[in-house]
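Structure first, then comments.
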Amino acid sequence: MIGVGEVLSSRVEKRVCVVELVGESDLALVDEFRAALSEALEDAGGVIVDLSRATFVDSSILRALIGAHKRALAEDKAFVLQLGTAPIVERVLKLTGLDELLDRTYSRQEALARIRERMIGRAP
């Protein structure tokens, strides 16, 4: 499958970035996704990966998520997955066990609350 998706990046708070996948995301999009995740982790104390508008993700996207999650842990940064997505995306996360590995929420507000909670007591 050749991706018909896009990667969107934004800063929602001073120290929180969002990387969003929209549409079908696969090998054709993974380099852009990895770069966005890397930049977000470099620039922020917390990252929300928003999959709420993703309609498909393949194993290359899942590997990128795992890599970014490991980096966030190593750098003591908050990393939250925002779902509310297509059933196939949630099923893939469940089948691979990523639904248990990654901190996840179903709303932006809840994702922000979790990131703020993790960042309490850290220097600005």
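Here are the numbers for the structure shown:
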| read-out | value |
| --- | --- |
| Qualifying residue in segment 98-113 (condition: crowded, with 18+ Cβ neighbours inside 10 Å and among the small types (Gly, Ala, Ser)) | yes |
| Lone qualifier among ILE61, ILE115 - being closer than 17 Å to VAL18 by Cα, β-branched (Val, Ile, Thr) and under 12 Å from the mean Cα position of the chain (by Cα) | ILE61 |
| Every residue from segment 11-34 that is surrounded by fewer than 22 Cβ atoms within 10 Å (Cβ to Cβ) and outside any strand (DSSP E or B) | LYS14, ARG15, ASP26, LEU27, ALA28, VAL30, ASP31, GLU32, ARG34 |
| Residues within segment 31-73 that are without any contact (Cβ under 8 Å) to a residue 24 or more places away in the chain and of a type in the set (A, V, I, L, M, F, W, C), tallied | 2 |
| Single residue of LEU51, LEU37 found to be within 11 Å of the chain's Cα centre (by Cα), in a strand (DSSP E or B) and buried (at least 22 other Cβ atoms within 10 Å of the Cβ) | LEU51 |
| ARG91 being modelled with pLDDT of 95 or more and surrounded by fewer than 18 Cβ atoms within 10 Å (Cβ to Cβ) | no |
| Any hit, segment 82-94, residues being closer than 18 Å to ARG53 by Cα, assigned to a loop (DSSP other than H, G, I, E, B), touching a residue at least 24 places away in the same chain (Cβ under 8 Å) and among the β-branched types (Val, Ile, Thr) | yes |
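The values are calculated or read from the model by the stated rules, or taken from the named source; none is laboratory data. Values in this document were obtained by computation on a predicted structure and should not be read as measured data. Here Cβ is always computed from backbone atoms with ideal geometry, including for glycine, and neighbour counts include all displayed protein chains.
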